[in-house]
Amino acid sequence: MTGPRVFMVAAEASGDLLAREVVEELRRRSPDAHIAGIGGQELASVGIESAINISPLSILGFFEGLKAYGDVVRLADEAADAIVADAPDVVVLVDSWGFMLRVAQRVRLRAPDIRLVKLVGPQVWATRPGRAKTLAAVVDHLLCIHDLEVPYYEPYGLETTVIGNPAISRHETGDPARFRKALGLAESTRIVLVLPGSRPSEIKRVAPELVDAARRVKAADEALQIVFMPAQNVSEQFKSSFPDAAQWSIVTSDPSLRFDGMAAADLALACSGTVTTELAMQGTPMIVAYRTGWITWALARGLLYKKTHITLLNIVSDDREIVPEFVQTRQKAELIAAKAMSWLEQPDRLTAQKAQQAEALERMKEGDRDASEIAAGVILEEAARKRSGVLTHQP
């Protein structure tokens with residue numbers, strides 16, 4: 001018998017990175033595995049060319065998702081077609097709740113013997129706990145990030161494995177000297193790193209205020225070096241949206257410099273997301289901004305979201321603000337810039353934030369094994385179940 005057949009599906013940048021890491025671990029454990037998939041640049045970098053173009057899925061928010069609903073349904077159909085044609089033992093659906101749910105439902109109907117694994121579940125502990133029942137009805141196994149998620153799925157019998165936060169498993173330590181050399185910066189130059197997002201909608205809604213805030217910080221202290229590092233998939237959008245940024249800052253999307261830049265920065269201004277955990281891993285103080293569509297925001301704050309903060313570092317710190325957040329109506333360049341300038345003038349405050357971030361990271365760990373290692377083990381077990389003729393899914 002040939003090796004296990006695995007099909008990875010990732011619809012956005014953070015999921016694509018995690019999918020690539022899991023693929024590398026799968027290949028290490030099972031060199032004869034057949035692995036195909038749908039994804040972006042990260043999966044392509046390990047030789048997995050996407051079966052469909054998933055770029056229309058780079059959307060953000062409830063209302064924005066409604067506007068793209070036709071694309072979501074069409075792509076879910078195309079994804080299911082590609083999966084069934086590949087005949088995998090197991091399909092791994094990474095993040096992206098709405099799209100992956102539709103893919104799972106279609107695969108379940110067309111090929112009920114294929115094992116379905118959801119890698120990273122919806123935030124049932126923060127919004128919509130009812131999604132636990134919905135997910136349990138269509139997948140065989142959930143790989144979740146936090147222990148606190150497990151009780152939500154127990155009533156529905158969904159097998160659940162906690163893998164910890166994937167960002168914490170990324171052990172690469174950035175090299176500040178290498179970053180400075182690559183950009184031609186002196187060792188004494190203070191750096192403000194700006195991470196404006198990885199989705200087109202984030203470049204549209206979050207980046208303008210971060211760019212304006214960075215401009216104000218630069219105007220207040222010309223000796224500071226501003227460095228913008230938009231994600232590679234939105235690099236051209238960022239450059240076309242802010243064509244003059246290169247005149248007063250450095251703009252780079254070189255993925256090889258990602259962690260080096262974080263480690264070199266005295267302070268980061270970041271769009272909320274996985275990047276905040278990555279910054280904390282590099283010991284980088286940060287200020288976070290975020291804005292979504294108003295309908296999405298009204299629904300979230302009025303009906304769904306149960307936490308005060310949105311940054312995971314804050315949430316795991318008993319929902320305390322250890323990382324300053326400027327969200328929605330407070331996402332204003334003047335407020336962000338004022339906080340940045342204040343903190344840059346208070347080295348002790350930056351040091352204190354580093355310590356608090358380190359404590360938050362300790363709360364987010366899951367044992368000594370990497371997230372990708374735990375995930376790969378479960379995926380191979382599910383493939384083995386399929387090959388042994390295990391019963392199909394019973395919701």
- Provide the packing ranking of 137-143, 46-52, i.e. peptides ordered by the mean count of other C-beta atoms within 10 Å per residue, highest first. 137-143, 46-52
- Query: Taking the simple approach of a point 7 Å from Cα along Cα-to-Cβ for both residue 69 and residue 159, what is their distance in nm?
  - Reply: 3.5
- For the chain, what relative contact order do you get, as a whole percent, if you take Cα pairs closer than 8 Å and at least 6 residues apart? 18
- Gain on full stretching of the segment that runs from residue 216 to residue 28 - 0.36 nm per residue minus C-alpha separation: 62.9 nm
- Query: Pairs 204/386; 118/204; 332/354; 133/386: which are spaced more than 32 Å apart, C-alpha to C-alpha?
  - Reply: 204/386
- Helix by helix through the chain, keep the DSSP H runs that span 15 Å or more along the axis on Cα and average at least -0.5 on Kyte-Doolittle, and give those back in order. 69-86, 97-110, 207-220, 333-344, 371-387
- Return a whole-number percent for the relative contact order of region 176-364, with Cα pairs under 8 Å and 6 or more residues apart as the contact set. 23
- What is the magnitude of the charge dipole of the chain about its Cα centre, with +1 placed on the Cβ of each Lys and Arg, -1 on the Cβ of each Asp and Glu, and no other charges, expressed in debye to the nearest 20? 840
- Taking R0 as 22 Å and r as the Cβ-Cβ distance between residue 247 and residue 338, the FRET efficiency 1/(1 + (r/R0)^6), rounded to the nearest 0.05, comes to 0.40
- Message: Just to be sure I follow the definition: excluding the sites themselves, where is the longest run in the chain that has none of the trypsin sites (Lys or Arg not before Pro) in a DSSP loop with at most 15 other Cβ atoms within 10 Å?
- Response: 1-189
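Where a number appears in this text, it was derived from the coordinates with a stated rule and is not lab data. The shown structure was predicted, so the numbers you read here are calculated from the model rather than taken from an experiment. Neighbour counts run over all protein chains shown; Cβ positions are idealised from the backbone, glycine included.
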